[in-house]
Amino acid sequence: SSITRRSPASPDGQTAPIAIQGEVIVNWNKDHIRETMLSLETAALKSARDTYLGYVSTARLDRSEPIENDEHAQAEIASDLAEGLDDKLHDYADKIEKLETIDFGPKSTVVEGAVVKLSGRYFVVAVSTSQFNCHGQELMGISTMAPIFQAIEGARAGETVQFNGRKITVESVE
């Protein structure tokens with residue numbers, strides 16, 4: 001059995017962690033987690049878009065002047081890179097769209113929108129992200145397509161699952 005106790009919100013609207021018997025239990029403000037993830041993905045999209053536009057502009061040849069072989073080769077390389085970046089742009093846009101539609105409400109099992117603690121680390125089941133900081137805790141986004149999600153899907157806090165031949169205990173689900 002687990003102890004659940006809610007703590008009051010701090011002045012900045014985030015919920016402060018509380019300690020119970022020496023263990024820190026985080027009371028997540030999941031709206032803040034969603035906003036943090038959206039902000040990070042939006043910044044990544046903007047950066048990728050700026051890079052894309054930079055490559056596209058160098059891929060254009062000035063047809064009013066004779067074209068050197070070097071210029072043509074550089075334009076082809078820039079065009080290939082821009083095409084690869086175009087896929088990235090779509091990936092970021094898809095992640096943003098998904099984050100806007102996920103239900104981040106309270107969860108009792110590992111499903112989309114849950115914050116899950118595994119091996120002392122926190123994961124947000126939503127979209128894949130690099131590590132980010134929220135509520136003074138490190139989190140990482142995982143998608144429902146990730147192999148780790150396949151292993152923990154539907155598990156409750158305290159349950160043990162198999163992943164890559166190892167037993168992993170789901171420490172908490174919110």
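What the table shows:
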| read-out | value |
| --- | --- |
| Elements of type strands (runs of 3 or more DSSP E) in the range 85-169, at least 2 residues being in contact (Cβ under 8 Å) with a residue 12 or more places away in the chain | 115-118, 121-126, 131-134, 137-143 |
| Residue in the range 105-122 that is surrounded by fewer than 14 Cβ atoms within 10 Å (Cβ to Cβ) and either within 17 Å of residue 32 (Cα to Cα) or in contact with an Asp or Glu (Cβ under 6 Å, 6 or more places away or on another chain) (or both) present | yes |
| Residue check, residue 39 hydroxyl-bearing (Ser, Thr, Tyr) and either in contact with an Asp or Glu (Cβ under 7 Å, 6 or more places away or on another chain) or modelled with pLDDT under 90 (or both) | no |
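The values are calculated or read from the model by the stated rules, or taken from the named source; none is laboratory data. Please read these numbers as outputs of a predicted model, since none were measured by experiment. Please note: Cβ atoms are built from the backbone with ideal geometry, for glycine as well, and neighbour counts cover all protein chains shown.
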